[in-house]
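> Have a look at this one.
The values are calculated or read from the model by the stated rules, or taken from the named source; none is laboratory data. Everything quoted here is computed from the prediction, not taken from an experiment. Cβ coordinates were reconstructed from backbone atoms using ideal geometry, including for glycine residues, and neighbour counts include every protein chain displayed. We work out accessible area using only protein heavy atoms, side chains counted, and drop any ligands, DNA or RNA first. Shrake-Rupley method; radii C 1.70, N 1.55, O 1.52, S 1.80 Å.
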Amino acid sequence: MKVHYIPFRDTGYFSNLICDYLDKKSSLKNFYQNYPNIEGFKSQIKLKQDSFKSEKREILVNALTKQNKNIDISALTTKNINHLKKPNTFTITTGHQLNIFTGPLYFLYKIITAINLTKTLKKEFPSYNFVPVYWMATEDHDFDEINYFNLKGKKIAWNTESSGAVGRLKTTGFDVVFEEFSKLLGNSENAAYLKELFKNTYIKQYNLASAMRYLVNELFGTYGLVIIDGDDIELKKQFIPTIKDELLHKTSFKEVTATNNKLEENYNIQVNPREINLFYINKYLRERIIFKKNQYIVNNTNIVFSKSEILKEVSEHPERFSPNVIMRPLYQETILPNLCYIGGGGELAYWFQLKKYFDTVNVTFPILLLRSSVLLITEKQRTKSSKLHISLQELFLKQDQLISKKIKEISEIKIDFSTQKEFLQQQFNELKELAKQTDISFLGAVNAQEKKQLNGLDYLEKRLLRAQKRKLSAIVERIKILQDDLFPNQSLEERTRNFSEMYLKLGNQFIPMLIDTMQPLQLEFSVIEY
């Protein structure tokens, strides 16, 4: 097994915002606290140690103990939960929606990044404890984003009625999903394990939250992963002052809007805040809270509160108030002794919008770490790419660009009219000088003719390239097959395939292989050759 690294920028799959962050560009320095390196973590430990109070640790440990009482957690996870009582213990957190059977591969990569980072930090700072945490997005209501996964190019979906927080959805109707899943898996030993895991997760668990807790614990419990559900009344009680501030003063809207105005000078904005960034949540309901005509209205319902009534509701039922994408990070950092949040490019993009808001409400802003990204390539596929003279970095090119590049390289005739274009431009430059000396009105006609001639050469070059592609169609087809295998739907494999597809091949060696090879502070794209 070999691991190769490619700079994220060179893959072409990551935004300028993320690449500039990794490159420590000055244009982003005001939008985060500490950089994800050892020196940054040293500073972050001091910041969080001074700001996170011991009483919060007691509440957290009690909540985690209660949440995990119905699953068989490992001795290491139990030890990690108990460590959280101590002032020298910190969390490394990632979070994700409750995608069916984990959804795309990067779900696993986020958690493994957290697990491996805790190991790295323990080696660097042995007097401290570091606990990997998976935050279940149980209060999310975007059901269409989570109700399916892909296996062998086929979409397997859980079709059921959904309303309110997805974590509370009952796991009815999964027997149909299981039948479809089973047929695609086949009858191997690895397939049998996946079938049993799926049944124990979705047929035997009561709701989606308990199902995801069971599944993630089965996959990662032995590594000490702690699973937390923010949909918890005791944890929400700590957020009461922030909820009230949001309702009364619209603080997040003001601060994030001010940040957006500065950030958008150089980058695209990921999310825009609402005036109130809270939902009202209850049984089968999760709707926005809107302030209108001195009343707090729960959108799409008849529920209305006066100012005094909604503040009373917050005090008595904080569990009925759910933060949206703008406020959830603040809730997380309020209840956890967290040093670092691990997310994908899209997630980190909106975290950059929150730094000023965190400062205003006096909550320590965490280090932001881009999750590890992986391309899995077999030795056989690597051999094919070598025979086609395709480097690992070239595999990331868009397919038409890759094919054109390779055909130009192997073609017996030169498919490049750069020399002719340069000669043509020289001739027209002389004509332009002549026009300036004689009749300036002639210059427009010269420019038009130059553009026409250059366009003609471009057309001829493209036509020649198409002809060579037809002539070398066998090679073109081999390139397509190879890249389509590695980049399904012309996208990163990690954003499409489910882990079960890899488990069928590698069995119980798959996750240990990733644990052994992924380096969270490498800050480059990993290509794992196995």
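> Tell me which residues, restricted to the range 249-273, are closer than 21 Å to Phe305 by Cα and open to solvent by 70 Å² or more (accessible area, probe 1.4 Å).
Hit for the range 249-273 is His249, nothing else.
> Output the number of residues of the range 168-179 satisfying the condition of being surrounded by 15 or more Cβ atoms within 10 Å (Cβ to Cβ) and within 25 Å of Tyr503 (Cβ to Cβ).
4
> Can I ask one more? Step by step: first the residues of the range 323-333, then only those that are assigned to a helix (DSSP H, G or I) and open to solvent by less than 10 Å² (accessible area, probe 1.4 Å), then the one that is farthest from Pro36 (Cα to Cα). Which residue is that?
For the range 323-333, the residue satisfying everything is Tyr331.
> Could you pull out every one of the helices (runs of 4 or more DSSP H) wholly within the range 427-508 that has 2 or more residues that are open to solvent by 70 Å² or more (accessible area, probe 1.4 Å) and either touching a residue at least 12 places away in the same chain (Cβ under 8 Å) or at positive phi (or both)?
Numbers: elements: 442-471, 473-486, 499-506.
So the answer is 442-471, 473-486.
> Considering only the range 142-151, state which residues are in contact with a Lys or Arg (Cβ under 9 Å, 6 or more places away or on another chain) and open to solvent by 50 Å² or more (accessible area, probe 1.4 Å).
Tyr148
> Restricting attention to the range 282-302, does a residue exist that is open to solvent by 60 Å² or more (accessible area, probe 1.4 Å), modelled with pLDDT of 95 or more, of a type in the set (Ser, Thr, Tyr) and over 28 Å from Asp50 (Cα atoms)?
Within the range 282-302, not a single residue is open to solvent by 60 Å² or more (accessible area, probe 1.4 Å), modelled with pLDDT of 95 or more, of a type in the set (Ser, Thr, Tyr) and over 28 Å from Asp50 (Cα atoms).
> Please return the ranges of helices (runs of 4 or more DSSP H) entirely within the range 102-206 where 1 or more residues are within 30 Å of Glu319 (Cβ to Cβ).
Counting at least 1 such residues, we get 106-124, 174-185.
> If you go through the range 233-248 one residue at a time, do you hit one that is in contact (Cβ under 8 Å) with a residue 12 or more places away in the chain, over 23 Å from the mean Cα position of the chain (by Cα) and open to solvent by 80 Å² or more (accessible area, probe 1.4 Å)?
The answer is yes; a qualifying residue exists.
> How many residues does the range 512-528 contain that are over 19 Å from the mean Cα position of the chain (by Cα), surrounded by 17 or more Cβ atoms within 10 Å (Cβ to Cβ) and under 24 Å from Leu151 (Cα atoms)?
1
> Still on this structure, please answer the following. Would you pick out the residues in the range 372-389 that are open to solvent by 20 Å² or more (accessible area, probe 1.4 Å), of a type outside the set (Val, Ile, Thr) and assigned to a helix (DSSP H, G or I)?
Listed by number, the residues that qualify are Glu379, Lys380, Gln381, Arg382, Lys384, Ser386, Lys387.
> Follow-up question, since we're still on this one. Could you check the range 1-34 and list, in sequence order, the residues that are of a type in the set (Phe, Trp, Tyr) and buried (at least 18 other Cβ atoms within 10 Å of the Cβ)?
Phe8, Phe14, Tyr21, Phe31, Tyr32
> When you check Gln393 against the structure, is it surrounded by fewer than 16 Cβ atoms within 10 Å (Cβ to Cβ) and farther than 15 Å from Lys469 by Cβ, yes or no?
Spelling it out, Gln393 is indeed surrounded by fewer than 16 Cβ atoms within 10 Å (Cβ to Cβ) and farther than 15 Å from Lys469 by Cβ.
> Pull out all pairs, ordered by first then second residue, where Cβ-Cβ is under 7 Å, the residues are six or more apart or on different chains, the first lies in the range 402-415 and is within 10 Å of Leu465 (Cβ to Cβ), and the second is in a loop (DSSP other than H, G, I, E, B).
Short answer, once both residue conditions are applied: Ile407/Leu472; Lys408/Ile415; Lys408/Asp416.
> Here is a follow-up. When the range 74-96 is examined, which residues are found to be open to solvent by 40 Å² or more (accessible area, probe 1.4 Å) and either part of a loop (DSSP other than H, G, I, E, B) or among the polar types (S, T, N, Q) (or both)?
Looking only at the range 74-96, we keep the residues that are open to solvent by 40 Å² or more (accessible area, probe 1.4 Å), and these are 75-76, 78-79, 82, 85-88.
Passing the criteria: Thr78, Asn82, Lys85, Lys86, Pro87, Asn88.
> Also, quick follow-up: Restricting attention to the range 345-371, which residues are open to solvent by 10 Å² or more (accessible area, probe 1.4 Å), in contact with a helix residue (DSSP H, G or I) (Cβ under 8 Å, 6 or more places away or on another chain) and within 12 Å of Gly95 (Cβ to Cβ)?
Arg371
> Could you pull out the residue among Ser441, Ser391 that is at pLDDT 95 or above and of a type in the set (S, T, N, Q)?
Working: Ser441 fails: at pLDDT 95 or above.
Exactly one residue qualifies, and that residue is Ser391.
> Look through the range 298-333, keep the residues that are β-branched (Val, Ile, Thr) and more than 22 Å from the chain's Cα centre (by Cα), and return whichever of them is nearest to Ser163 (Cα to Cα).
It comes out as Thr301.
> Quick one: in the range 70-110, which of the residues that are under 13 Å from the mean Cα position of the chain (by Cα) and of a type in the set (A, V, I, L, M) is nearest to Phe220 (Cα to Cα)?
Among residues in the range 70-110 that are under 13 Å from the mean Cα position of the chain (by Cα) and of a type in the set (A, V, I, L, M), the one nearest to Phe220 (Cα to Cα) is Leu108.
> Here is a follow-up. Taking Leu60 and the conditions (1) in contact (Cβ under 8 Å) with a residue 40 or more places away in the chain; (2) out of contact with any strand residue (DSSP E or B) (no Cβ under 7 Å at 6 or more places or on another chain); (3) over 30 Å from Val256 (Cα atoms); (4) open to solvent by less than 40 Å² (accessible area, probe 1.4 Å), which numbered condition does it fall short on, given that it satisfies the others?
That leaves (3) as the condition not met.
> Only residues that are assigned to a helix (DSSP H, G or I) and either loosely packed, with under 13 Cβ neighbours inside 10 Å or among the small types (Gly, Ala, Ser) (or both): list them for the range 43-55, please.
Selection gives Ser43, Lys46, Asp50, Ser51, Ser54, Glu55.
> With the condition kept exactly as written, say whether any residue in the range 116-124 is under 26 Å from Leu504 (Cα atoms) and surrounded by 16 or more Cβ atoms within 10 Å (Cβ to Cβ).
Yes, there is a match, as at least one residue in the range 116-124 is under 26 Å from Leu504 (Cα atoms) and surrounded by 16 or more Cβ atoms within 10 Å (Cβ to Cβ).
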